[in-house]
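Chemist: Below you'll find the structure I mean.
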Amino acid sequence: MSSAQDWLSNPLGIVQSIFDQKSTNLEWEKTVVAYFKEKLQENDATNWVPSLNDVPLHYLKPNSLVKFRCMVQDMFDPEFYMGVYETVDPNTKARVLHFGKYRDIAECGPQQEVDLNSNQSVTLERQTLYCVPVPGESAWVKETHARASQARVSPSTSYMPCRHKRSFEEDEDMDMQPHKQKEQLPAGSSVCSTAQASGESKRLERTAPSGQQRPSPLDLNFPLPGEKGPACLVKVYENWDCFKVNDILEVYGILSVDPALSVMNEERDGSFSLVDPMTCVDTTEEQRVHSPPASLVPRLHALLAHKLDHTNPLLPVSLQGGEEAKNYAASFASELPAVRAELLGFLTHVLLGDSLAAEYLILHLISTVYARRDVMPLGKFTLNLSGCPHNSNYTEHVYHIIQQLVPSSYRLCMTLHNMNSLRFIPKKDYAANRLVSGVLQLGRNTSLFVDETVLEQGQLDTTGVQNITALGNLITWQKVDYDFNYHRMEFPCNINVLITSEGRSLLPSDFQVPLQPQTVPPNTDEYLTNLQAALPPSLLNKFRVYLTLLKTMDYHISDEVTKAVEDDFVEMRKDDPQSISAEDFHRMLVVARLLSLSVGQATLSWERWLRAKQLEVLRTTRTEQQKCVNGNEP
C-alpha cells in the first residue's frame with residue numbers, strides 16, 4: 001500500500017485501497033480499524049502523529065491523521081450519512097462506487113453525479129461528540145506531550161483545498177485564525193483575575209475582512225473561564241455507546257477542515273442535502289452551534305478512540321492490566337517509600353513546617369472515588385486546610401505548587417462576584433440543542449482548589465446560593481445536578497476538592513486540619529518561590545508519577561485484619577460509647593486505606609491501622625483546640 005508514511009499523511013488513501021479490495025465485503029471497515037491499530041502499536045508510532053493539542057490547525061494537512069486529547073463536553077444526536085454511494089457519468093454511463101465513511105463531503109469526479117436511486121447505496125449512522133481540551137490541564141502535561149512529539153509539520157502553504165462556491169479571499173479570515181490555538185492558558189491562571197473571567201474570555205473570534213459585517217463571536221463552550229485551545233467535532237463510528245459526557249478521551253482520526261462545511265451554513269440548497277446532516281436542524285441557532293466553521297471547530301473522523309485512565313504523560317497510557325503497566329508499576333514499587341518521604345518533607349516545608357497537615361495533604365492527593373454504594377461515593381477525601389493566612393498570596397502559592405504535581409487542576413476563588421456571576425452547573429440550551437458548560441463540568445480526578453480566604457462581606461443572590469449548593473453536593477455526593485430546565489439530571493463525578501480557609505470552611509468537608517505553622521519566614525512569597533525552584537526536575541517527576549500511580553492501585557483488607565479492626569472499634573467504645581461514632585470509625589478506615597497505599601501496600605496491616613488511629617487523634621485534638629480558641633466555629 002504505497003509508502004510507509006501514507007498512513008499518516010494520506011489515511012484516506014489507505015482506506016480507499018482497502019475499500020477497493022473489499023468493497024463487496026462488509027468486513028472492509030473492520031480491516032481499516034485493524035490496520036491503523038496495528039500501525040499505532042509500533043514503537044513510538046503514536047509520537048509521530050501530530051496533536052491538535054499542541055500543533056496550530058494551519059500547520060496540519062487536511063485529511064491527514066491527527067490525535068486529540070480531550071473531554072466530551074456534549075453529545076449531539078446521532079446523524080445519518082451515506083456509508084457507500086455510487087456515482088455515474090451522464091455521458092459514458094460509467095459507474096464508480098465510493099465510501100462516505102470518514103468524510104464530510106461526498107466526492108465526485110468532474111463529470112460524475114451521485115445516483116440517489118442506486119441499489120448499491122448504504123445509509124449508516126455515526127455519533128458526533130463535541131470535545132474540548134481537558135479542562136484545567138497543567139502546563140507541564142502540555143509541555144511533556146509536546147516534547148515527546150516527533151511529528152513533522154509545517155505551515156500548509158502548498159496545500160490548496162478544493163473550494164465550492166467560495167473564493168480564497170472570502171475564506172481568508174478563517175484560514176488566518178487558527179494560529180491563536182497555540183496560545184495556552186498561563187500557568188496558575190484562575191478565576192481570581194481582576195477581569196473576573198467574563199464570558200468573553202471564553203470566546204475565540206474571527207476577524208472579518210474589511211467591508212464585511214463582523215459575525216457574532218462563536219462561543220466554544222469551554223467549562224473554565226479563560227481557557228483556549230481547539231474545540232472539535234469528533235465523529236465516532238464504532239462503539240459510541242461506551243462514551244459519555246465528561247469522559248476524557250484520546251482520539252486518533254482523520255482531520256476534516258473543508259471550507260465547504262462553512263459554505264453550507266450560508267448557502268442552503270438541494271445540492272447539499274445529500275452530504276450535509278445539518279439541513280434538517282430545527283433552528284438557525286442550532287445549525288450555527290452544531291455546524292460551526294471548520295476553521296474554528298475542525299471535524300475529526302475517529303479511526304480509534306479510547307477513554308484515558310489518566311492524563312499523566314510520564315506513565316503508560318493504560319494502567320489497567322497489560323504487561324507494560326505491570327512492569328512499570330513493579331519497577332516503581334521499590335521507590336514508593338522513599339518518594340513518599342521526600343514528598344512529605346517537601347509538603348511540610350510548603351505548609352510552613354506542619355507535618356500533620358502535610359500527611360493529610362498526601363492522603364488527599366492520592367484519593368479517588370473507587371466505588372459507590374447506593375448514593376454514597378467511597379474513597380472521597382475532601383480536605384479543609386483551615387488557619388490559612390488572610391491578605392497574602394500564600395494560598396495562591398500553595399495552588400501553584402499543587403498545579404505542578406497533578407495533571408489537571410483549577411483554583412476557584414470564592415469571591416462574592418464569582419459566586420454571583422459564574423455558571424457552576426451546566427445547563428441545557430434547547431434553542432441551540434446543546435449543553436452549555438459550567439465550572440463544575442470537570443474531568444475525572446481533577447483537583448479543585450477552593451479558596452475561601454478571599455471571602456468578603458456581601459449578599460449572595462439566587463445564583464450565588466445555587467452555586468454554593470452545587471459545590472456542597474459535589475463535595476458530599478460527588479455528583480453535579482445539570483439543569484435541563486424542566487428537571488435536574490445527576491452526573492456522577494470524581495473530583496478532588498481541597499478547601500483553604502481562615503476558620504472552618506463554610507462548605508462541608510471530610511477532614512478539617514487547622515494549619516499550625518512551625519516556621520514563619522520573613523517573606524513567604526520568596527520562601528515558597530525558592531522552595532519550588534530548588535526542587536530537582538527528576539524528583540518533581542517522581543512526585544507526579546507517585547500521585548497518579550497510587551490512584552490506580554487495588555486495595556483489600558484480609559478477614560483476619562477486618563476482625564481485629566472491628567474488635568478494636570468495640571473496645572474503643574466500651575468505656576465511652578460517645579467517644580467515637582460510626583462516622584469516626586469510617587474516617588479512620590479511609591485514612592488507613594490511603595496510608596497503606598501511600599507506601600505501596602495493597603492490604604491493611606495492623607501497624608497501618610494503629611498509625612491511622614494516631615493521626616486521627618492528633619487531627620481531632622487540634623480541631624477541638626481550634627474550636628476553643630475561636631469559640632464561634634460550628
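Chemist: Hey, can you find the accessible area per residue of region 376-439 for me, probe 1.4 Å, expressed in square angstrom?
Modeler: Here the per-residue accessible area is 28 Å².
Chemist: Whole number in Å², please: accessible area per residue of region 469-597, 1.4 Å probe, ligands, DNA and RNA not counted.
Modeler: Here the per-residue accessible area is 51 Å².
Chemist: Carbon and sulfur: what percent of region 495-590's accessible surface (1.4 Å probe)?
Modeler: Ligands and nucleic acids excluded, carbon and sulfur reach 52 percent.
Chemist: Run the numbers for SER581 and ALA94: contour at 0.36 nm per residue of separation, minus the present Cα-Cα distance, in nm.
Modeler: 167.1 nm
Chemist: Which value in Å does the Kirkwood hydrodynamic radius of region 367-499 take, with 1/r averaged over all unlike C-alpha pairs and then inverted?
Modeler: 15.9
Chemist: Give me the net charge for the shell around SER9: Cβ to Cβ below 13 angstrom, other residues only, Lys and Arg +1, Asp and Glu -1.
Modeler: Once positives and negatives cancel, what remains is +2.
Chemist: Gain in length, ASN530 to GLN16, computed as 0.36 nm per residue apart minus the alpha-carbon separation, to one decimal in nm?
Modeler: The ASN530-GLN16 span can extend by a further 179.3 nm.
Chemist: Here is a further query. Report the relative contact order of region 311-410, percent, no decimals, based on alpha-carbon pairs under 8 angstrom and at least 6 residues apart.
Modeler: Once divided by the residue count of region 311-410, the mean separation gives 15 percent.
Chemist: If you don't mind, another one. With every atom except the alpha carbons ignored, what do you get for Rg and Dmax of region 12-57, in angstroms?
Modeler: For region 12-57, the Cα radius of gyration and maximum Cα-Cα distance read 13.5, 40 Å.
Chemist: Work out how far the C-alpha atoms of region 484-597 reach from end to end along every principal axis, then list the three figures in whole Å, largest first.
Modeler: 51, 50, 34
Chemist: May I ask you to derive the FRET efficiency for ASN391 and GLU624 from their Cβ-Cβ distance with R0 = 25 Å, giving the value to the nearest 0.05?
Modeler: Efficiency, rounded to the nearest 0.05: 0.40.
Chemist: Further question: At a Förster distance of 35 Å, what's the computed FRET efficiency of THR31 paired with ARG152, Cβ-Cβ distance as r, to 0.05?
Modeler: Using R0 = 35 Å, I get an efficiency of 0.80.
Chemist: Now for a different question. Determine the per residue accessible area of region 1-112 with all protein chains present and a 1.4 angstrom probe, expressed in square angstrom.
Modeler: 47
Chemist: Leaving out ligands, DNA and RNA, and with a 1.4 Å probe, what % of the accessible surface on region 1-157 is carbon or sulfur?
Modeler: The computed percentage sits at 47.
Chemist: With θ set to phi - 60°, apply the Karplus curve 6.51 cos²θ - 1.76 cosθ + 1.60 along region 595-608 and write out the HN-Hα couplings as whole Hz, x wherever there is a Gly or Pro.
Modeler: Result, ordered by residue: 4, 5, 4, 5, 10, x, 8, 8, 9, 7, 9, 5, 5, 5 Hz.
Chemist: Once you put a point 7 Å from the Cα of ILE468 and another 7 Å from the Cα of GLU143, both along the Cβ direction, what distance in nm separates them?
Modeler: 3.9
Chemist: Quick one: Debye curve from the alpha-carbon atoms of region 16-93 only, equal weights, vacuum; give me log10 I(q)/I(0) at q = 0.12, 0.17, 0.18, 0.20 Å⁻¹ to two decimals.
Modeler: Each listed q corresponds, in turn, to -0.61, -1.05, -1.11, -1.18.
Chemist: Over 30 Å between Cα atoms, which of LYS235/LYS542; LYS61/LYS101; LYS37/LYS380; LYS30/LYS427; LYS427/LYS627 qualify?
Modeler: LYS235/LYS542; LYS37/LYS380; LYS30/LYS427; LYS427/LYS627
Chemist: Calculate the FRET efficiency for ARG488 and ALA45 from the Cβ-Cβ distance with a Förster distance of 56 Å, rounded to the nearest 0.05.
Modeler: E(calc), rounded to 0.05, equals 0.80.
Chemist: Here's another thing I want to ask about it. What chymotrypsin sites (Phe, Trp or Tyr not before Pro) in region 410-475 are in a loop by DSSP, with at most 15 other Cβ atoms within 10 Å of the Cβ?
Modeler: TYR430
Chemist: Also, I was wondering about something else. Hey, got a sec? Which trypsin sites (Lys or Arg not before Pro) in region 57-150 land in a DSSP loop and have at most 13 other Cβ atoms within 10 Å?
Modeler: LYS93
The values are calculated or read from the model by the stated rules, or taken from the named source; none is laboratory data. Being a predicted model, the structure only gives us computed values, none of them experimental. Positions of Cβ are backbone-derived with ideal geometry, glycine not excepted, and every protein chain shown enters the neighbour counts. Quick note on the areas: whole protein, heavy atoms, side chains included, nothing else; ligands and nucleic acids left out. Shrake-Rupley method; radii C 1.70, N 1.55, O 1.52, S 1.80 Å.
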